[in-house]
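Just below is one structure, and these are the notes that go with it.
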Amino acid sequence: MADNTHHLLIALVMQASCKPGWSFRLQDEDGALRFVVRVYGFDSSRPNERISRTIDHFFPVPTATYNEKTWRRWMFDTCRRVENHELGEWFRIGSEWPFAPLHGPGEDPYTVHEFRPVEDALTTQDGSTRKPYEG
């Protein structure tokens, strides 16, 4: 098995920049490498108060033999996941928070979910409602 190419990722992280208030680092946690995206912004739980804060988003670095371009794409895609998360934190329709990130144990807070009633899943293209599967 070939060795990982984390040395390429390390070099890229040292050169990378993104949006204002964003920074990157790698963090070794007992042999497990993490890519950390630090985002400076405002507290989404109190959007009208404009309280500034810094949030670190941690991502496990895969053991991989990626080339430089693939590591670059991996970093970019990881930043897009952070954007999904932050957009879900902030997007509101009135008081509704339809794409709130799931932060609980076992959840992936970077996957976008839309909270809707089960009836929406049972409604067909013609507007009729099908019966739920009852196994």
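The values are calculated or read from the model by the stated rules, or taken from the named source; none is laboratory data. Remember, predicted model here, so these are calculated numbers, not experimental data. Reconstructed Cβ throughout: ideal geometry from the backbone, glycine too, with neighbour counts over all protein chains shown. With ligands, DNA and RNA removed, areas are computed over all heavy atoms of the protein, side chains included. Shrake-Rupley method; radii C 1.70, N 1.55, O 1.52, S 1.80 Å.
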Check your understanding: What are the pairs, 6+ residues apart or on separate chains, where a residue within the stretch 106-135 that is more than 30 Å from His85 (Cβ to Cβ) has its Cβ under 6 Å from a residue that is modelled with pLDDT of 85 or more and surrounded by 10 or more Cβ atoms within 10 Å (Cβ to Cβ)?
Key -> Thr129/Thr123
Exercise for review: For residues that are surrounded by 15 or more Cβ atoms within 10 Å (Cβ to Cβ) and among the β-branched types (Val, Ile, Thr), tally how many sit in the stretch 39-86.
Suggested key: 5
**Study point:** Test set (1) closer than 28 Å to Phe115 by Cβ; (2) open to solvent by 40 Å² or more (accessible area, probe 1.4 Å); (3) not aromatic (Phe, Trp, Tyr) - Asn4 fails condition number
**Key:** (1)
Practice item. Assess whether Glu89 counts as being open to solvent by less than 70 Å² (accessible area, probe 1.4 Å), within 17 Å of the chain's Cα centre (by Cα), over 30 Å from Ala11 (Cα atoms) and acidic (Asp, Glu). Key: yes
Practice item. Please work out which residue is most open to solvent (accessible area, probe 1.4 Å), limiting yourself to the stretch 104-134 and to residues that are out of contact with any strand residue (DSSP E or B) (no Cβ under 8 Å at 6 or more places or on another chain) and not in a loop (DSSP other than H, G, I, E, B). Key: Val118
Revision key, fill the gap. Note: among Phe59, Phe76, just one is under 14 Å from Asp108 (Cβ atoms) and hydrophobic (A, V, I, L, M, F, W, C), namely Phe59
